[in-house]
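Below is one structure, written out as structure tokens; the observations come after it.
The values are calculated or read from the model by the stated rules, or taken from the named source; none is laboratory data. Computed from a predicted model, the values in this text were never measured in an experiment. Glycine also receives a Cβ, built like all others from the backbone with ideal geometry; neighbour counts cover every protein chain displayed. Ligands, DNA and RNA are excluded from the accessible area calculation, which covers all protein heavy atoms including side chains. Shrake-Rupley method; radii C 1.70, N 1.55, O 1.52, S 1.80 Å.
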Amino acid sequence: MEAWGVALLVCAGYLAVTLLMGVLPGFKVSKSIAGYVAADRAMGFVVLYFVLGASIFSSFAFLGGPGWAYSRGAAAFYIIAYGVIGMVPFYFMGPRARRLGERFGFVTQAELLAHRYESRPLSILLAVLSVAAFIPYLTLQMKGAGYILSTITEGRVPEWAGAAVTYGVVVVYVLTSGVLGVGWTNTFQGVFMMVIAWFLGLYLPYKLYGGVGEMFEAIVAAGKGAMLEAPGLTSGGEPWSWAGFSSAVLVSGIGFSMWPHLFMKVYAARDDRSLRRTVVLYPTFQLFLVPILLIGMSGILDSHAVERPDMILPHMLTDLALSPILVGLICAGTLAASMSSGDSILHSAASIGVRDGVAQAAPGWLDDAGERRLIRGLVVVLSLVAFYYAVGTEASLVDLLLGAYGGVAQIFPIAFAAFYWPRATGAGALAGLLAGIVVNTVFFVYPELRPIADLHEGVYGLAANVPVLIVVSFLTAPQSAERVRAYVEA
């Protein structure tokens with residue numbers, strides 16, 4: 001059998017194991033919405049740790065992260081920086097949200113916020129924002145899966161076919177098992193991709209330069225030492241400004257714990273202790289990114305031009321003439337990174353779209369079984385929408401993710417105020433969120449309008465969001481004292 005066939009066979013074996021692990025939990029979890037969306041609120045520390053970690057580290061880690069390190073050097077350090085600080089809000093807000101979820105039956109982020117602010121329009125707006133932000137995030141995962149399978153088979157498997165097969169597996173186990181299937185597969189995928197990442201991050205510098213230290217010395221000797229100096233370069237090869245770097249870290253750090261699919265996992269935690277232990281130990285997941293960036297930097301002196309920086313890892317694998325079994329395992333690790341985020345995103349997007357969008361727009365229309373059926377239907381629809389964009393767009397994987405963060409970060413002020421500012425009102429939350437989304441979107445679509453060109457559009461959105469939230473809250477009647485007390489004292 002040819003080398004590409006062996007590598008493809010290894011990837012197929014990985015997909016089969018993942019499918020089995022994802023389907024089996026479906027026989028264990030209850031058939032209720034709480035079972036499908038929140039795993040009957042019974043996730044322990046280990047599964048929760050990997051669900052939160054593997055849900056975030058995705059195709060951008062194995063493809064986009066090395067791509068930025070290869071093309072932009074130290075600019076890629078922003079990924080580690082925001083990951084370290086991004087979970088801090090969860091330590092304080094997570095246990096409160098978990099207890100409120102248990103008390104009131106919440107399974108999504110918007111349910112909690114809409115209840116606190118007594119605002120059905122807020123729930124619908126959050127549903128629209130969440131699904132809109134999830135589409136590019138899910139597109140990113142599919143593009144990554146398509147890239148890797150197309151590369152290892154030397155184009156024999158088109159990118160669209162690779163994405164379709166990989167996410168066909170994801171759709172099956174998400175439909176079957178819900179969030180518990182996501183949890184089991186994320187645990188398996190998290191361990192697998194960590195092992196692969198550390199192997200590659202140490203092996204490639206050794207193979208090409210004799211070691212990690214020797215690699216950095218060679219980069220400096222070749223006159224490219226500027227790539228190793230923070231804040232790195234822009235996509236055009238010019239020095240990136242500190243305003244651009246720091247605002248990317250700030251917006252990503254603020255938005256990190258506000259991703260609805262991440263926030264929803266607090267409801268699945270068994271108790272506060274499991275959740276707090278997960279948050280405290282979560283930064284250890286950043287160690288996974290160290291070898292990821294070393295992979296990209298090991299390609300800086302590669303004499304062959306790469307059409308897309310995101311392709312540097314597959315390009316190096318094909319150039320080094322590695323064992324096809326090893327190539328297959330490495331590619332399976334990349335698929336694990338893609339699927340471990342894609343499954344969580346897909347499950348959460350469908351749950352939010354139905355629970356916080358359809359059910360709020362037409363209250364009383366759906367019973368528990370009807371909601372579950374509609375969520376499953378939306379899983380299929382969202383998969384097809386993301387697949388369409390994955391096939392038709394050439395955007396950078398990291399740029400897709402960074403762009404999505406600006407919108408998600410707008411949720412943070414109203415979430416913070418829900419727990420810590422009793423005077424915040426539903427009208428203020430709705431107005432602030434709308435202002436933030438509109439301003440963020442305008443500066444995203446028309447970057448030339450930004451007063452400071454390199455500043456992330458999410459910063460401008462937050463600068464509009466917070467004052468509007470405060471002013472409108474003071475101008476409107478306070479929320480019910482009893483309801484506010486439940487949140488402030490949670």
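Of the heavy-atom accessible surface of region 123-214 (probe 1.4 angstrom), what whole percent is carbon and sulfur? Its accessible area is 75 percent carbon and sulfur atoms. Taking every DSSP helix (H) stretch of at least 4 residues in the chain, weighting each as -39,500 (n - 2.57) and dividing the sum by the residue count yields a mean residue ellipticity at 222 nm of -23000 deg cm²/dmol. Across all directions, the average flat footprint of the convex hull enclosing the Cα atoms of region 306-382 is 7.4 nm². Taking N as the residue count of region 135-293, its C-alpha radius of gyration divided by 2.2 N^0.38 Å amounts to 1.29.
Normalised per residue, the accessible area of region 223-356 is 31 Å², obtained with a 1.4 Å probe and no contribution from ligands, DNA or RNA. The largest accessible area among LEU462, LEU126 belongs to the first residue in LEU462, LEU126, and the rest follow in falling order (1.4 Å probe, all chains).
With a bin width of 5 angstrom, please list the P(r) values of region 170-253 as percents of all Cα-Cα pairs, from the 0 bin to the one holding the largest distance. Binned Cα distances yield the sequence 3, 11, 11, 11, 12, 16, 14, 10, 8, 4, 1. Calculated from the alpha-carbon coordinates, region 414-490 shows an Rg and a Dmax of 14.6, 47 Å respectively. For the listed peptides 233-246, 337-350, 81-94, a ranking on the average number of other beta carbons within 10 Å per residue, highest first, reads 337-350, 81-94, 233-246.
Within the chain, the selection of entire DSSP H helices by a Cα span of 27 Å or greater along the long axis and an average Kyte-Doolittle value of at least -0.5 returns 3-23, 120-152, 159-209, 324-352, 368-392, 426-445, 457-475. When the alpha-carbon atoms of the chain are used, the pair Rg, Dmax equals 22.1, 73 angstrom.
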